[in-house]
Structure formats: structure tokens, C-alpha cells
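Contents: one structure, followed by commentary.
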Amino acid sequence: MHTIRLAGGPAFPCADGDTILRAGLREGLGLSYECSVGSCGVCKFELVDGAVEDLRPDAPGLSERDRRKGRRLACQSRPAGDCTVAMRLDDAIRPPVRPQRRSAVLEAARRLTHDLSEFTFRTDGAADFLPGQYALLQLPGLAAPRAYSMANTPNGEGVWQFIVRRVPDGAGTAALFAMAAGARVSLDAPYGQAYLRPSPRDVVCVAGGSGLAPMLSIARAFAEGPADGRRLTLYYGARAARDVCGEAEVAALPGFGTRIRYVPAVSDPEDGGFAGRRGFIHEVMADDLGRCFDGCDVYCAGPPPMTLALEDLLVREAGLPVDRLRFDRFF
Ligand SMILES: Cc1cc2nc3c(=O)[nH]c(=O)nc-3n(C[C@H](O)[C@H](O)[C@H](O)COP(=O)(O)OP(=O)(O)OC[C@H]3O[C@@H](n4cnc5c(N)ncnc54)[C@H](O)[C@@H]3O)c2cc1C
Ligand code: FES
């Protein structure tokens, strides 16, 4: 156990093997982060005193300039002793549920498309998270955990469901898709800031590929809530007809067809097997809403270029306040 002191702020314990970010979040501190895997760069900090081990020296979240200036990533830094670090704290982003490490058993895997499957894990105790958040799974044989978003809603039975796309030559997905029912993993959760917030506005969910998982969690939580006149639309972007997914799950929700809608679109112009809308999903969404976003909160998950395009369209072009768009980039 080491002690991490925030320059000009509080100190917190960091258990052996934990990263500075995860230890701070376990203490309920409002540390900035997004991906937890070294890719986004949001968790940068400066080491004032002490030594840390860098778990991912080539992490894309740090630029050459960052490295020259001695900046580090809190999600990839494991303390080698007591440390003092310079990092911003913000009470507005304190974790609503403090992450915990648990042992999880794989109960079932269900194929959804040619490359997407749903995995159901169970832990002792409640599955405690907010809709839209993700878990870090330590998969067999991997040095580092992978992030996967929950597709179900929080529950007392300890059920955690994920929708995962099998990535060609991907080490994590190869290990996950090879697991048999009864196998165990370490599940550390919940993480993420793109969770469903209370609001008087309509909800717009935009998902690309496996980004379906957290958007489905949000849609399911919305369906469990009161029918108060608000509506939710889940826009799902796929490359080709065989990639389209999620309609059956959304159609099963109470309120589907009245206060809940599902709109898929396919972006490959060559794909002849799809009768619905064509184009990039953020454009389909914007056209569908008549390019008027005043009355909605937007949630989004999927490949980084998709979330970037959505941010450009909504925040930079249409002037949507930044806190009305929440997203996770699936690095
Ligand atoms: C917040 C978040 C939520 C996500 N949710 C989902 C989801 O719900 N469904 C889904 O299918 N995918 C999701 N992803 C993507 C997922 O985490 C993996 O990137 C993807 O499954 C490919 O992993 P792989 O190991 O098969 O591929 P690989 O090509 O072997 O690994 C790619 C990814 O693994 C991580 N990684 C690789 N090396 C290291 C290292 N040394 N240290 C730390 N991290 C490393 C990086 O994120 C990298 O992009 C999410 C990603 C993020 C960031
Ligand atoms: S949270 Fe550390 S790089 Fe994304």
C-alpha cells in the first residue's frame, strides 16, 4: 500500500498493483478521465515527487510534447512508493458509484451478428453501476485489462451483460470469445462519465458497432422510468446490412413504438441488402431531428471518428452546450 498526495489537495491510499487513477476513484475523488486504457489523454498529470511504473510506455494518450514535459497518464501509472502528483480535482465529476474489483463468472455467450456477441457474467453482490458506464475486464493471458460497457441495467442479482465485437487479431476479444461458461475473470467497475442523467429533455442515443451496449443500457433504464412524455430514440449505425443489430432488444422494451424508437442506418453505399436509411449515423440522426437539438440530451458510443463527427456537428456547428452531449470513445 502506498500513499498518493495531490499537490495542494488530499492524500489517498493506493493498493499494491492499482493505478493512481483507479485508486483515486475508489476513494471517491473527482479525477478527470475517460477511457482508462491510455488512449484518450484526459488523465494526464505531473509527478512532483516519488517514482511510478509506466504500464503502457507507448500509450497513444501522450504526445511527444507531453513526454518531453514529463507528463504521465494516471490510468497507466502504478506507484513504486509514496508519491506526490499535480492533478486537477473537480467535485462535479466525483464518481457516482465507487469502482470495486470483483471476481465474475461467465454464465453465457449469445451470438448477435457475425461478429457481435453478448456475454453474461455474474458476481456475488449487486451489479452496481449507472446506465452507460463500463467495466474493466482482466481477461485470461492479457497483461492489461480491456474496457467493455454494460448493456443491461444495474441489478441486485450481480448480472453484468456486455456486447462485444470480435476484432480481427485482437488479443482481448480472442481471449473473451474463447472463454467457456464457468470461466472466471476479474471485473473492475463501474467507470465512465457518459451515464444517463436525470433531465426534463428527450434522450437521443447514437451508437456505432459495439457502441450499442451502453446505448441499450440507457434505453433500458429509460424504459424502466416513468412515462412522463419524454421520448428516446436510439440511432444505430452499421457498415452493412449484416452488421445491423439491436432492433429486437429495443423492440422488447415497454413503450417501444410510442415513446421509444429505433432507427438503423447503413453507411456502405455498395451494400444492396438493406431497405432502411443510408449514410453516416450522425447525419441520419441530424436529418431525422430536423437539425434541431434544443429539446434533447445526446449520448453516444462507438469508434472515435464517429464521436468526433457528432461533437463537430452538435457542439461546434449547432451550439449544443457541451454538457448535453456525453460520449465514450471505444479506443
Ligand atoms: C470506454 C470504452 C468502452 C468500450 N466498450 C466496448 C464495448 O462495449 N464493446 C466492445 O466490443 N468494445 C468496447 N471497447 C473497445 C475494447 O475495450 C477493446 O479495445 C476492443 O475489444 C479490442 O480489444 P482487443 O484486445 O481485441 O484488440 P487489441 O488490438 O489487441 O487491443 C486494442 C485495445 O486494447 C487496449 N490495450 C492494448 N494494449 C494495452 C496496454 N498495454 N495497456 C492498456 N490497454 C491496452 C487499448 O484500448 C487498445 O485500443 C471499449 C473501449 C473503451 C475505451
Ligand atoms: S483515461 Fe487515461 S488515457 Fe484515457
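The values are calculated or read from the model by the stated rules, or taken from the named source; none is laboratory data. These numbers come from a predicted model, not from an experiment. Cβ placement follows ideal geometry from the backbone for every residue including glycine, while neighbour counts extend to all protein chains displayed. Side chains included, ligands, DNA and RNA excluded: accessible areas come from the protein's heavy atoms. Shrake-Rupley method; radii C 1.70, N 1.55, O 1.52, S 1.80 Å.
Once the Cα atoms of helix 212-224 and of the chain are each reduced to a long axis, what angle between those two axes, in degrees from 0 to 90 to the nearest 10, is obtained?
Tilt relative to the chain: about 70 degrees.
Over all directions, what mean area does the Cα convex hull of segment 252-331 project, stated in square nanometres?
Quarter of the Cα hull surface area: 6.8 nm².
Counting only Cα, what are the radius of gyration and maximum Cα-Cα distance Dmax of the chain, in Å?
According to the Cα coordinates of the chain, Rg and Dmax are 20.1, 61 Å.
Can you give me the C-alpha center-to-center distance between segment 278-309 and segment 119-191, rounded to a whole angstrom?
27
What net charge do the residues around C35 carry, taking every other residue with its C-beta under 9 Å from that of C35, with Lys and Arg at +1 and Asp and Glu at -1?
That works out to -1.
Using the Cα atoms as the points, what is the convex hull volume per residue of segment 100-191 in Å³?
That works out to 88 Å³ per residue.
How many Å² of accessible area per residue for segment 143-194, probe 1.4 Å?
Result: 40 Å² of accessible area for each residue.
Determine how many Å³ per residue the convex hull of the Cα atoms of segment 2-93 encloses.
Per-residue hull volume (Cα only) is 85 Å³.
Using a probe radius of 1.4 Å on heavy atoms only, what accessible surface per residue do you get for segment 205-331? Whole Å² is fine.
44
Given a 1.4 angstrom probe, what's the average accessible area per residue across segment 1-113, in square angstrom?
For segment 1-113, the per-residue accessible area is 49 Å².
Carbon and sulfur together cover what percent of the accessible area of the chain at a 1.4 Å probe radius?
Of the solvent-accessible surface of the chain, carbon and sulfur hold 49 percent.
Hey, can you rank 109-119, 129-139, 20-30 by average C-beta count inside 10 Å, highest first?
129-139, 20-30, 109-119
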